[in-house]
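Some notes on the structure that comes next.
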Amino acid sequence: MPASYFQQLHQQHVPLILPTIWDPASAVLAQQQGVKAIGTSSAALAWSLGYADGQQLPVAELLAAVQRILRVVQIPLTVDIEQGYSEDPTHVADLAVQLAELGVAGINMEDGTAEPQLLCAKICACRRLLNERALFINARTDIYLAQLATGPEAITECLRRLALYQEAGADGAFVPGLTDLAVAKKLSQHSSLPLNLMGWPDAATVENLTEAGVKRLSAGPALFLQSYQAYLQAVQSFLQPGLLADKALNYSDFNNLFS
């Protein structure tokens, strides 16, 4: 699916609700629900492959996993690449190009606790090496998630960073950890980048998100953790004769998703 279409999904009146996935099975189930796009969670993808989150996943494993997911989906896929798995902007740009060549529509890339100039350099390097090839770059700032600042200072610093990332070539602004829709509205009013939040704020509705100017809502690792909580409960039931829950996905229906 073209990256240009994925870009358009961030310009709708209502937010793009983006389920996070980690393998072909989770991807086809999300696709079956009629979602317009899906995205990997870096944590979920790493855990599913036997690695801890936090830049531990080998790039070769990432690329192989993305290929498997792309084989079974017909909707845009965006991939969370953490901090690009390197501090070298050239290496990060090479990864971005490889993902674009596979057919990925977008990437998330974060600043973490580093100075914003490093992420700027990575975004600039990606744009140079992509050489006009479309790829939606969602620039993530961890001001709220890592509590790098609070109150009005957090808003000011967040806007400063988003302006730098936009100038470097970012297409979107990802602000995980932000749950206050009043603050989200201030950010959306002072930045032209489509605003992406992680997880539903308490008592929020699509109307609330739209009013706050939120253009994308993603799930982070929450869906993976909920899924594996269900698996843990199923295993515990299976270990006790007669307690295995009857409710489960149908084998034939599930198998046919890959036909």
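The values are calculated or read from the model by the stated rules, or taken from the named source; none is laboratory data. Just so you know, these numbers come straight off a predicted model, no measurement behind them. Cβ coordinates were reconstructed from backbone atoms using ideal geometry, including for glycine residues, and neighbour counts include every protein chain displayed.
Structural remarks
- Restricting A64, A60, A43 to those that are at pLDDT 95 or above, in contact with a Gly (Cβ under 8 Å, 6 or more places away or on another chain), of a type outside the set (S, T, Y) and not in a loop (DSSP other than H, G, I, E, B) reduces the list to A43.
- Restricted to the range 23-41, and to residues there that are in contact (Cβ under 8 Å) with a residue 60 or more places away in the chain and closer than 21 Å to L135 by Cα, the residue that is surrounded by the fewest Cβ atoms within 10 Å (Cβ to Cβ) is A37.
- Condition met for L209 (touching a residue at least 60 places away in the same chain (Cβ under 8 Å), within 30 Å of H10 (Cβ to Cβ) and either in a helix (DSSP H, G or I) or touching a Lys or Arg at 6+ places or on another chain (Cβ under 6 Å) (or both)): yes
- Some residue of the range 89-98 being touching an Asp or Glu at 6+ places or on another chain (Cβ under 7 Å) and within 23 Å of R216 (Cβ to Cβ): no
- The residues of the range 78-124 that are closer than 25 Å to L16 by Cβ and among the acidic types (D, E), listed by number, are D80, E82, E101, E110, D111.
- Meets criteria (under 30 Å from R128 (Cα atoms), without any contact (Cβ under 8 Å) to a residue 60 or more places away in the chain and not small (G, A, S)) for P176: yes
- One residue alone among D202, D253 is under 26 Å from T40 (Cβ atoms), of a type in the set (D, E) and in contact with a Ser or Thr (Cβ under 9 Å, 6 or more places away or on another chain), and that residue is D202.
- Counted residues, the range 212-258 - those being assigned to a loop (DSSP other than H, G, I, E, B), surrounded by 10 or more Cβ atoms within 10 Å (Cβ to Cβ) and of a type in the set (D, E, K, R): 0
- Every residue from the range 47-92 that is more than 23 Å from A37 (Cβ to Cβ), in contact (Cβ under 8 Å) with a residue 12 or more places away in the chain and of a type in the set (G, A, S): G54
- Subset of the range 12-36 (residues that are part of a loop (DSSP other than H, G, I, E, B), in contact with a Ser or Thr (Cβ under 7 Å, 6 or more places away or on another chain) and within 17 Å of L70 (Cβ to Cβ)): W22, D23
- Residue, nearest to the chain's Cα centre (by Cα), within the range 204-231, restricted to residues that are more than 24 Å from R140 (Cα to Cα) and among the small types (G, A, S): S227
- If you go through the range 190-211 and keep only what is within 21 Å of A27 (Cβ to Cβ), of a type outside the set (A, V, I, L, M) and surrounded by 17 or more Cβ atoms within 10 Å (Cβ to Cβ), you end up with just N196.
- Sole exception among (1) closer than 25 Å to L249 by Cβ; (2) among the hydrophobic types (A, V, I, L, M, F, W, C); (3) under 14 Å from the mean Cα position of the chain (by Cα) for V79, by number: (1)
- Residues of the range 1-22 that are buried (at least 18 other Cβ atoms within 10 Å of the Cβ) and at pLDDT 95 or above: F6, Q7, L9, H10, P15, L16, L18, P19, T20, I21, W22.
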